[in-house]
Amino acid sequence: MNQEVTTGWLGRQEVRRFKARRRSNSILIVVQEVYLRDDIPCGSSLCRSCVQQSPTLPADASHYLILDADSLTQFMEVWELPQITGVIYLSSVVKEAVNHMSQHNYRKLRSLFTDRRRQSTFFDDEHFIYTWSLNSDQTASGAQSRKRVEAVAGWFYEHLGGSAQIVALQPLDRGDSSADESVVSNQLGRLSIGDGCRTLQVLTVDTYIKEYWHHDTSVSELFSSLVQSRAEAVEARIVLKGAGQADVSARRGGKGSHGFKEHLSVDLIEAEVADGLLRVGVFHVDKNEPLEGFIYPSNKGEASKLAIFVPGRLLQNRALPGDLVAVRILESKLWQAPKKASQRGKKADSKMISEEESKLPYLIDEEDDSSDVAESNLKVPDSVQDRLVTEEAVPTGEVVGILQRVQRDYVACLAQEDEDYLSQSLSSRRENFLCVPMDRRIPMVRLNTRFTERLVGQRFVIRIDRWDQDSRVPSGHFVRLLGPIGDLDTEIMALMVENGISDTPFSTASLQELPEDTAENPWTIPEKELSCRRDFRLTHRTCSIDPPESKDVDDALSVRRLPNGFLEIGVHIADVSYFVRQGSLLDLEARARGTTVYMVGKSWHMLPSILSENLCSLKCGVDRLAVSVVWTVDPENDFEILDVWFGRSIVHSAHQLFYAQAQAIVDGEILPPGWEVSGGKEELTALESDLLILASFSQIRRDLRKANGAVELSSSELRFETAANKEPISVDAKQQLPMNWIVAELMILANSYVGTKIYRSFPSTALLRRHQPPRLDSFGLLLECCAARGFTLDTSSNKALADSLDRMRDSNDPVVENAFRALVTRAMSEAEYCIAGEQSDSSGVYHYGLALEFYTHFTSPIRRYADILVHRMLLAACQDNSVPTEATDKSSTVHLVPASQELHEVVEHLNERHRSSKRAQKECDEIYLLMFLQKHARAEHAVIIRILPKGVIVFVPKYDLRVRVYLEDKKGNIILPAEDDSDVDTGEILGQASDHVLVKEHGSLKINLSRSGETKYVYKLMDSVWVQLRADGSRAHAPKLRVRQLGPAHPAARASMLENARREHRGLAPPVYSLSRHNIPGKHKRGKGDKKQIVQDKKLSVEKIVKEFAVEQARSKEDGDLKGSDSLKRKEVASVYEVTEVFKRRKVASVYLDMECICSSGQQQDEVVGLVGSVDSVDVGLWMPLSIGMSVSERVLEPELWFLKRLRIVWQKKLDRAARIRATVIWSTLGNNSSELVQRAEKEEELRRGANVLSLWLQ
Amino acid sequence: MDFLSPEGLRLDGRRALELRQLQAEVGVVEKADGSATFEMGNTKVIAVVYGPREVQNRNQQQHDQALVRCEYSMASFSTGDRRRRGKGDRRATELSLVIRQTMEAAILTNLLPRSQIDIFVQVLQADGGTRACCINAATLALADAGIPMRDIIVSCAAGYLNSTPILDLNYLEDSGGGPDLTVALFPKLNKVSLLQMDSKIPIDVFEKVMSLASEGARTVAQFIKETLMENTTQLALAKGPPKF
């Protein structure tokens, strides 16, 4: 590895600088070398003379823009717009700008020229021999820096030979003197040289925007609102300066004592933090309590677990959620108690469920007068003082300085008052308005804009600029319009903005990198790829199983039987990394997006649709490139994995199934129309056996994982059906079929194998996904609930946790168990991407939830960027032992694994994107749910998870919601559970409530009759209750949820109960291989009443089946008549098979065939026996008179079926209670009750007669 | 902090694989047996050699080889802030030792038994890479003094910043927190005599950085040879044609 040490520079200069040192109060002389060179490329695609690899400046740009430092810092938001391309960032300008910037802004600035999608370049003019000047000093005066910008512009113009228009910006006029000094500017402040259309211009920013961007409203509007906001800021500063100290205090006095305190200077804060007087931390505010801030101090060497409470706007002193602030802790006698117990703190079961609670004090609804709002905000501290309770007070502090403002976009709309004003007098020239941010934690924002007319009734994006000391609200500026309030698209867009998800389309340059695939010129796999990939097209039957209507098929599965009896099970993942080359524009786009965001009815893809829905997607019937993981397993030996192969491949998916369809196939049901698979019956049988193998394989892997301590978590996902106008018309929890688990398990297995592989190859840079153990204190609430129910929850390890959850299942009703499971899920920490080499803490890269040593994301490269990275790593890891590649390929794959520094940034970014997209999706679901509830109130089953003094917190498992239910309103009236519709719909509080009293006892809450003291209602932890959920609309914010408790007799509750019961019946007696432990015979105990119900239900279904079968039978006989007796026989042989198929479909665990009847229909007895043996459905037994002893013999079987049988044996190892032979079982289950026996016999007789062919019984 | 611009230029305008400007002068102190200054960019070091001469402290005398002593110091004006750095501080002691050992390995000490060689190295101006610069200056001074050596010994440093191996760090880059690896080697023998690094670094990266530093050292060797050649030519010219 010899690197060439070169000397490319031409000259060397020394620059002296003086640096002031704040700490030691001294001046430092810094002498730096400057090496000058001429090999710096200009970065333009037009240039022929520079040696450059990939010029970024577009050849077809209307002009190239050279910014100066002033316009760069002042209007950075404008340059961040995606339509601004072809900008040349000079290193001297950037350096100058950075001096006035925070770290965060610097990162943004850097992305302006490092992000190739922006088609801008960075030009190092300080080291370029033709543009270098001795004065390239950070402290250069305005005139000098201006000269430099002009000089560079001149060089560019000459260099490109006038083939491009160059625009250089100059700072806004500060004085006349600078204009004289300017090398090239004339009196008008602008200059043009050159002729025709290609010229060199020096303009000020506003003339530039006016001349070049007048056609683009988003640029010019943003620019003008920025100008306005800057002007205002300057004005405010002047006023403040001119007014003098006395005046300021007078002004403050004029507004009462509510003015904010001045922020301390940065130096002072640093000094005080060092002395331990201040704490520094990020300011957090809970959504439900906008006035209660918390800070978790991050000072070094401090116990940072203790939160500092900052109540009220006054103490918060202009801090916004997310800011990095410095806090001073108040004296302990001023400490206050928060209404909401801090999440991390111990359970402060505060008595302070105060009146404001339900009202949301700072919920700035449009009804509120703005000044009132501000007034009431500032008064809150007083009221807080009134209810000061010393024993519950927590350390309280005040914000004394803001170290770093959070930078983000807010969605807002105009305040109602302003809107009214505007609609009354349209001609007004007022430019100052208040707007209400959607985020309830953010106060109203003053907006200074000229576009007010357009903002009426709209949602728009704003940014907060500053919050002056004498102002009650922060000031911001308008950025862009989203759309009318209440429109679903607008609301979704608002959600995206609030979560920081960009919705910009793919840049044209990146789209040009896409392969061509048109009708006349379809994309085909290049010859080169055919030769160097493993070809699975003919050898493996491949199918994909996905949610219905999904277009981006990431994964496909295959099974192949090897001649030596082993199996090859393959997971094939779309080879996205083949199309998305490292470092390409497409790669950058995908990285910036990080993940596809799925919202209800819409999604924002990470890759352009041609890739995600076509070329990468493993659609059926076409050859596709894939990266495969193939395991060789031994079916005889519990599917032990003998070998694994990773590598690039070509697959041809034969079937594109969806979960329900695959489930139906594996259950052997008759496929409803539209669900059929191509290839006829044989193909179906083959597919079924494939799927069964996959099912068994994944069952075994899952058991293995569970034995290692995997925790089964539940997360209910909602599914909405929407009307044409996108409004939700129904909502339901997504159904999880066993097939979902089967596929998921295979993906988990593939991920963990890939994770292990890349970890072995790249122990320091492998991208893994880890899941840290939950914080023990997050179980606090849960443990209480468990105690109330008499369970113990062992949280010492994941295995212990999983076991205690399973114990719960055994002994209880599913609603409570589900609630527990959901609560445990909530207590979990989030899984995150990490770099293997960077994890030094004890938990390392272990995945707690899945109980896997190494785990990564590999299986969804179409929708997750992390998977693309992992693909590249895997391919680099496989390079040595996979197909030989050419030497040129080798050099390119060296870069497949990015350097750790870069990787670290990417991982941070991906984690952040992942979180925000998850949050956005959840919020989107919430919005839809609330909109649905707004129209249709729903009664739902809920579980009490916490007792408060005046109410309870309930958990609604179906929607994964935690809501507060009040039993006493603010006036002290008791709210009784609603028994009928009348008071629920009106929302009125019961009149006779004063008859009742609320009594809180240890661990429970009671409603007593006030006169007699008799207890009417009792609320205990983990009790089930019925609640009605509704939502109220709100103009400025999302709809708000209202909850009301229902009595069990309430009609809505009853209806809901019935519906649930019905659903449960539908899911009755699931197939044997189902993965839920509910269904494992013998393990699940049901009450006696339940059992009766089930037997009844089964009987009904059997009757129905028998009737259906009779019809089928008759039909087949007719067919048979036409073909003669021999075929009739065959037909009937087939029909026995079919009968068992029917039963499998009906999820009947065992089927008993009546020998007598079968034999009497003309078949030889042992022929039938053989047949039955070969059919081998879930459990076929022979129903025979007890006198005839007979056993199922294994006869000559077709290999396929023989295999199936073996498979079942393996797979029934754990479930094989039903394998006990038959007739005796029938009698034993009937018990000794002779009358029941007789009854049963009669019933069977009847059935037999009715069906006339078969009699059936089931276990 | 960015040590490399998107263009691939370092803060001072060099590329990652470029050395700073090298300058050297031999025979700067007349009184000494050998002396030289060596400059790598703004780092400037003077080395002065006395010897071989009689051992001053008798009981240190070694009967089979020469005693090599080295004294390293930094001029108080060598850095911007006028911090007093005596020869007694830990850093100076360590560096003295390092240079002595490196030079001892180069000198054919067994040819000069019962004698002493003193090497004085002083940093006149510090701007990163002083260690390497000191060794280079000492080599020149030893060569000037005519002390027998196995091979000239040359040194160069390399670091790893912004995921890029970087040759010959200056002070700004040195204080960037990345690893700084100094290599001293015999260019002809192709043997490494000194390898020093005080931080952690992944093994694959280490190899890259190491090979870069060695490559840099070879370039320095080329320069030193040229300097010595020029010096010798001048001496020869001054002396006039040989008289027989």
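The values are calculated or read from the model by the stated rules, or taken from the named source; none is laboratory data. On a predicted model such as this, the values are computed, not experimentally measured, just so you know. Neighbour counts run over all protein chains shown; Cβ positions are idealised from the backbone, glycine included.
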**Asked** Which ones in the range B:6-31 are facing another protein chain (nearest Cβ under 7 Å), part of a strand (DSSP E or B) and over 19 Å from the mean Cα position of the chain (by Cα)?
**Response** B:L9, B:R15
**Prompt:** What residue, of A:G621, A:G601, A:G583, A:G594, is at positive phi, buried (at least 17 other Cβ atoms within 10 Å of the Cβ) and at pLDDT below 90?
**Reply:** A:G594
**Message:** When you check A:A519 against the structure, is it part of a loop (DSSP other than H, G, I, E, B), modelled with pLDDT under 80, out of contact with any strand residue (DSSP E or B) (no Cβ under 8 Å at 6 or more places or on another chain) and not charged (D, E, K, R), yes or no?
**Reply:** yes
**Message:** Going residue by residue through the range A:133-148, is there one that turns out to be out of contact with any strand residue (DSSP E or B) (no Cβ under 7 Å at 6 or more places or on another chain), among the charged types (D, E, K, R) and within 14 Å of another protein chain (Cβ to nearest Cβ)?
**Reply:** no
**Item:** Test result for A:Q53, in contact (Cβ under 8 Å) with a residue 60 or more places away in the chain and either away from chain B (no Cβ under 14 Å) or farther than 26 Å from A:P505 by Cα (or both)
**Value:** no
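So that you can scan it fast, the table gives a plain yes or no per residue for (1) assigned to a strand (DSSP E or B); (2) within 14 Å of chain A (Cβ to nearest Cβ); (3) out of contact with any helix residue (DSSP H, G or I) (no Cβ under 9 Å at 6 or more places or on another chain):
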site	(1), (2), (3)
B:V121	yes, no, no
B:L140	no, no, no
B:A143	no, no, no
B:A184	yes, no, no
B:F206	no, yes, yes
B:E215	no, yes, yes
**Message:** Taking the criterion of being in a loop (DSSP other than H, G, I, E, B), more than 14 Å from chain A (Cβ to nearest Cβ), in contact with a His (Cβ under 9 Å, 6 or more places away or on another chain) and under 26 Å from B:L189 (Cβ atoms), would at least one residue in the range B:97-110 satisfy it?
**Reply:** no
**Item:** Filter result (touching a residue at least 60 places away in the same chain (Cβ under 8 Å) and out of contact with any Phe, Trp or Tyr (no Cβ under 6 Å at 6 or more places or on another chain)) within the range A:733-749
**Value:** A:A733, A:P738, A:W741, A:I742, A:V743, A:L746, A:M747, A:I748, A:L749
**Complete:** If we take the range A:808-899, then helices (runs of 4 or more DSSP H) inside it with 3 or more residues that are modelled with pLDDT of 85 or more are A:865-878
**Asked** Which condition breaks for A:K551 when tested against (1) under 20 Å from the mean Cα position of the chain (by Cα); (2) in a helix (DSSP H, G or I)?
**Response** (2)
**Request:** Show the residue pairs that are 6+ apart or on different chains and have beta-carbon atoms under 6 Å apart, the first residue being within the range A:638-651 and within 20 Å of A:L625 (Cβ to Cβ) and in contact (Cβ under 8 Å) with a residue 12 or more places away in the chain, the second being part of a strand (DSSP E or B) and acidic (D, E).
**Result:** A:I650/A:D535; A:I650/A:D623
**Asked** Out of all the residues in the range B:74-92, is one or more in a strand (DSSP E or B) and within 14 Å of chain A (Cβ to nearest Cβ)?
**Response** no
**Prompt:** Can you tell me which residue in the range A:299-329 is modelled with the lowest pLDDT, limited to those that are within 19 Å of A:D275 (Cα to Cα), of a type in the set (V, I, T) and buried (at least 21 other Cβ atoms within 10 Å of the Cβ)?
**Reply:** A:I308
**Message:** If I go through the range A:116-131 residue by residue, how many of them are within 11 Å of chain B (Cβ to nearest Cβ) and modelled with pLDDT under 80?
**Reply:** 1
**Request:** Give the residue, chosen from A:E912, A:E902, that is of a type in the set (D, E, K, R), at pLDDT 80 or above and not assigned by TED's automatic domain parsing to the domain that holds A:P977.
**Result:** A:E912
**Request:** Can you confirm whether the range B:23-43 contains a residue that is surrounded by 21 or more Cβ atoms within 10 Å (Cβ to Cβ) and more than 22 Å from B:L95 (Cα to Cα)?
**Result:** yes
**Prompt:** Just one of A:S91, A:S71 is within 19 Å of A:L169 (Cα to Cα), at the interface with chain B (Cβ under 9 Å from one of its Cβ atoms) and touching a residue at least 12 places away in the same chain (Cβ under 8 Å); which is it?
**Reply:** A:S91
**Item:** Count of residues meeting criterion [of a type outside the set (S, T, Y) and within 9 Å of another protein chain (Cβ to nearest Cβ)] in the range A:14-41
**Value:** 15
**Fill in**
Restricted to the range B:85-141 and to residues being of a type in the set (S, T, N, Q) and surrounded by fewer than 17 Cβ atoms within 10 Å (Cβ to Cβ), the residue nearest to B:I152 (Cα to Cα) is B:Q101
**Asked** Do the conditions hold for B:D127, that is, is it among the charged types (D, E, K, R) and under 30 Å from B:F3 (Cα atoms)?
**Response** yes
**Message:** Please determine whether any residue of the range B:146-153 is away from chain A (no Cβ under 12 Å), touching a residue at least 40 places away in the same chain (Cβ under 8 Å) and in a helix (DSSP H, G or I).
**Reply:** no
**Prompt:** Under the condition of being touching a Ser or Thr at 6+ places or on another chain (Cβ under 8 Å) and free of Cβ contacts under 8 Å to residues at least 40 places away in the same chain, which residue from the range B:184-203 is surrounded by the most Cβ atoms within 10 Å (Cβ to Cβ)?
**Reply:** B:L185
